[in-house]
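Reviewing the structure listed below.
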Ligand SMILES: Nc1ncnc2c1ncn2[C@@H]1O[C@H](COP(=O)(O)OP(=O)(O)OP(=O)(O)O)[C@@H](O)[C@H]1O
Ligand SMILES: [Mg+2]
């Protein structure tokens, strides 16, 4: 319980931002910088404030998890960062570039070069083989077929789906599908990999394999991961966890040198503090 | 409550149903428009037109048959797409019987709307059709919008039969279906991945071969009996089935492994989606191909028939022509009668002469024999070459407004059908001694404008030698002619009036020849001319013309219906995937493909799917039309009036363009609808 600290975003002023949220490390430049973003839904009368003045930063190579009750704004936050949705106020910097001001023509290219996505329901194209699904973002970037092949085989090896590459999504298990989706997300070496409940549709065994793989990718390749999850066990793989409540950052905890099981219990404690929604 | 729900449903489903609805409405419009001809007073004034109503009714019955099946298919298809919704009704305790009643109301409502909307459009269309007919028959079109109860009743009857069948089939289907079945349909909608298959290439090659054999059998009839056509049709059906079954697997076997190819230019998604779509709809694509093939064939043949009829009319350059046989005749009595009843611009009477030479006739007969039309009519009058005086010729050219030419009064010339020009030219060149009454032939003296020569008893038969005026003094008069050009074009009912005005004038019906005995030997030669004067001209030989035009109209009717129905099925098939397409676009957008490119990709995919069933249809219909047009032409003209086959290409071109224009409307509708998706 000791590490629980309330992070009031109001307190985060321009000057204190770099020091208050980040422990000083060898990576002074954060890959992601979210500053006072707000997001409103609806029009005329009924306005929902989905995000309320959220600020945080993610360092390169960090593995951050976002937790919170249903409706707390997790998906909204992720969508804003991933440029799928726009913010109502505030700024988001990815690698120093303000993504809230990228114009519509460049947004696709920006997404392609900088971001990778993984979703709960895989979002694979059913008519493409796993190999082709993984290759798809590279073909969009216009990379040479030879290089595509090399990269696809390399990543498939890492994600343990080499033997299923020629199959179609309908012919493989959910775990394989999700690993394929993950391979597709990281094949372009994105600056940030975002995952919205990636284990949501998987059984515990498949979940565990995926989480191990994600963790390995994070450690070996230094992939920066931002993962939304409901599940405390999943979250315990992360280095740091942000808790959302009613569109605000309610709390933040770090794993530090703790073992995963200690971290897991810590998460459960915070969740009970949050109250309400507590699956698993 | 149910009724309200079905109205609300019909509204909500309007997107799914919109193309189906438009197709129904169009069918009503076309049916109404064409069936007005069944009750048309205008047609009753023509002899020979009695056949058109029967033809239209027969065509309509065929339409009812095809549409009945297709409407049943389409509504069922849409129902299956809505299986999730239906299963929710059933799960929430609404009994099957009520759900089926709901579906019944929905369909009946859509049908009623389609009828109500289609009818006024049909009335407009019937006016357009009438104006086209008036143009065909040379009648001045007057706008006379009128509504016919008879036609409406007939259309309603056809329409009712079409819908009744479809609705009943669906009611039964819904009544029997279980929730489990419905859920299965929902799952079945998922795409079956296409995997490569070494057999595919073999099947594809075999099916294409079978298609070629089929076309060969049907077009050349090597056995010369019904088996040819039967076998040919079987071969073509095998071709279509084999083609659409094997093409996706064939494409996958040959291209899926080529990363070098498929990873470039965003081909990957199009390639996979296209092959998957063919696989999941191969049967439908086959049926569509047949429909389009029929439509194109009918259109092509219809256009050819129209062109042949047009050629007939075009060759008859004089509005009125009166023939008197054996002597130079004074047509003054006729001329006066005509002048007091018609605005006559100019007229000229002259003689057609003959002697005992037959150089040109021999060449002409040889050319005809070469075209394969060996069994030509023999006419008593045409045993030798025919002649016309230069002064008459000049006068006639002036009458027709043709380019004025200077004729050397010491030379002979020839006016003939275009197809004879080359052979006559070489005849003149090779035979330097060739002359008539001592006058030799001009080197470049052959003219080929339409000159009322295509049929017997015109300005000669297929050709006429133009000789100096003095040359005819020793020749025999074959017959004399009065050629009349009127101020305004005559219409097709005028010949009747003229015959009422002039006693003893009979129509020149060229088919109804009388067999005669020449020199005591029955040569099978015929003569038409007896003791009467004969009337011909632009609207002569109406019976044949009316039949041609009727055929063309019916063929177009069927072609139109088949095309809109086929296009509607295709469009519905594509739009039913809208949800899937939307999801896919979303994924691609997340992977960083920009919106413009995604739209472009979708459009390209639709284009491919739209083109695919056209491929075999164009191939097969093209050869059908070509062969049929040739056969019709040689049946109609004893001798080629068109100097080459370009007119068939033109007929094909016109019908293909027409087809593609109409098809394009559906194509654009699909693109619009898929853009509206989000
Ligand atoms: N498109 C939208 N229009 C209107 N309101 C929306 C929209 N999307 C989300 N919201 C609202 O914004 C709030 C945050 O939603 P969000 O989807 O981000 O929650 P979440 O944390 O992802 O929930 P869950 O865990 O259930 O996925 C909710 O109150 C939701 O009702
Ligand atoms: Mg969510």
Members of segment A:84-110 that are modelled with pLDDT of 85 or more and buried (at least 19 other Cβ atoms within 10 Å of the Cβ): A:87, A:92, A:94, A:99
Filter pass, residue A:245 being over 19 Å from residue A:120 (Cα atoms) and within 16 Å of ligand 2 (Cβ to nearest atom): yes
Filter pass, residue A:194 being crowded, with 22+ Cβ neighbours inside 10 Å and outside any helix (DSSP H, G or I): yes
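Among A:136, A:124, which is the only one that is part of a loop (DSSP other than H, G, I, E, B) and buried (at least 23 other Cβ atoms within 10 Å of the Cβ)? Walk me through it before giving the result.
Working: A:136 fails: part of a loop (DSSP other than H, G, I, E, B).
None of the other options fit; the residue is A:124.
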Given (1) at pLDDT below 90; (2) out of contact with any helix residue (DSSP H, G or I) (no Cβ under 8 Å at 6 or more places or on another chain), index of the condition residue A:154 fails: (1)
Unmet requirement for residue A:154, which otherwise passes all of (1) surrounded by fewer than 21 Cβ atoms within 10 Å (Cβ to Cβ); (2) touching a residue at least 12 places away in the same chain (Cβ under 8 Å): (2)
Verdict on residue B:224 being at pLDDT below 85 and away from chain A (no Cβ under 14 Å): yes
Hits in segment A:116-153 - residues which are within 8 Å of chain B (Cβ to nearest Cβ) and in contact with a strand residue (DSSP E or B) (Cβ under 9 Å, 6 or more places away or on another chain): A:117, A:123, A:137
Unmet criterion (only one of (1) within 16 Å of ligand 1 (Cβ to nearest atom); (2) over 13 Å from residue A:64 (Cβ atoms); (3) in a helix (DSSP H, G or I)) for residue A:199: (3)
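Is it true that residue B:597 is within 14 Å of chain A (Cβ to nearest Cβ), surrounded by fewer than 19 Cβ atoms within 10 Å (Cβ to Cβ) and at negative phi? Please lay out each step first, then the result.
Numbers: within 14 Å of chain A (Cβ to nearest Cβ): yes; surrounded by fewer than 19 Cβ atoms within 10 Å (Cβ to Cβ): yes; at negative phi: yes.
So residue B:597 passes the test.
Per-residue answers, yes or no, for (1) modelled with pLDDT of 85 or more; (2) in a loop (DSSP other than H, G, I, E, B):
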{"residue": "B:301", "(1), (2)": "yes, no"}
{"residue": "B:309", "(1), (2)": "no, no"}
{"residue": "B:324", "(1), (2)": "yes, no"}
{"residue": "B:335", "(1), (2)": "yes, no"}
{"residue": "B:375", "(1), (2)": "no, yes"}
Test for residue A:167: is it surrounded by fewer than 20 Cβ atoms within 10 Å (Cβ to Cβ), more than 8 Å from chain B (Cβ to nearest Cβ) and out of contact with any helix residue (DSSP H, G or I) (no Cβ under 9 Å at 6 or more places or on another chain): no
The lone exception for residue A:226 - which of (1) closer than 30 Å to residue A:131 by Cβ; (2) outside any strand (DSSP E or B) it fails: (2)
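How many of the residues in segment A:68-79 are more than 6 Å from ligand 1 (Cβ to nearest atom), away from every other protein chain (no Cβ under 14 Å) and within 14 Å of the chain's Cα centre (by Cα)? Reasoning before the result, please.
Applying the first criterion (more than 6 Å from ligand 1 (Cβ to nearest atom)) to segment A:68-79 yields A:69, A:77-79.
This time we only want the ones that are away from every other protein chain (no Cβ under 14 Å), so: A:69, A:77.
Within this subset, residues satisfying the condition of being within 14 Å of the chain's Cα centre (by Cα) are A:77.
The total comes to 1.
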Where a residue in segment B:248-261 is more than 9 Å from every other protein chain (Cβ to nearest Cβ) and its partner, wherever it lies, is surrounded by 21 or more Cβ atoms within 10 Å (Cβ to Cβ) and not in a helix (DSSP H, G or I), with Cβ under 9 Å and at least six apart: B:248/B:194; B:249/B:194; B:251/B:194; B:252/B:194
Considering residues of segment A:222-245 that are touching a strand residue (DSSP E or B) at 6+ places or on another chain (Cβ under 6 Å) and over 30 Å from residue A:47 (Cβ atoms) only, the residue farthest from ligand 1 (Cβ to nearest atom): A:223
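Can you say whether residue A:85 is within 13 Å of ligand 1 (Cβ to nearest atom), in contact with a helix residue (DSSP H, G or I) (Cβ under 6 Å, 6 or more places away or on another chain) and not in a strand (DSSP E or B), as far as the supplied structure shows?
yes
Take residue B:241 and tell me if it is surrounded by fewer than 21 Cβ atoms within 10 Å (Cβ to Cβ), assigned to a helix (DSSP H, G or I) and either more than 9 Å from every other protein chain (Cβ to nearest Cβ) or under 23 Å from the mean Cα position of the chain (by Cα) (or both).
Working: surrounded by fewer than 21 Cβ atoms within 10 Å (Cβ to Cβ): yes; assigned to a helix (DSSP H, G or I): yes; either more than 9 Å from every other protein chain (Cβ to nearest Cβ) or under 23 Å from the mean Cα position of the chain (by Cα) (or both): yes.
When the stated conditions are applied, residue B:241 passes them.
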Close pairs from segment B:201-214: first surrounded by fewer than 18 Cβ atoms within 10 Å (Cβ to Cβ), partner in a helix (DSSP H, G or I), Cβ under 6 Å, at least 6 apart: B:201/B:250; B:213/B:235
Failed condition for residue B:316, given (1) touching a helix residue (DSSP H, G or I) at 6+ places or on another chain (Cβ under 7 Å); (2) surrounded by fewer than 23 Cβ atoms within 10 Å (Cβ to Cβ): (1)
Residue in segment A:58-67 that is assigned to a strand (DSSP E or B) and either at positive phi or near ligand 1 (Cβ under 6 Å from one of its atoms) (or both) present: no
Candidates A:248, A:219, filtered to the one that is within 16 Å of ligand 1 (Cβ to nearest atom) and either surrounded by fewer than 19 Cβ atoms within 10 Å (Cβ to Cβ) or over 17 Å from the mean Cα position of the chain (by Cα) (or both): A:248
Residue check for residue A:90: on the phi > 0 side of the Ramachandran plot, more than 14 Å from every other protein chain (Cβ to nearest Cβ) and either within 14 Å of ligand 2 (Cβ to nearest atom) or not in a strand (DSSP E or B) (or both): no
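The values are calculated or read from the model by the stated rules, or taken from the named source; none is laboratory data. Since the structure is predicted, the reported quantities are computational estimates derived from the model, not experimental observations. Neighbour counts run over all protein chains shown; Cβ positions are idealised from the backbone, glycine included.
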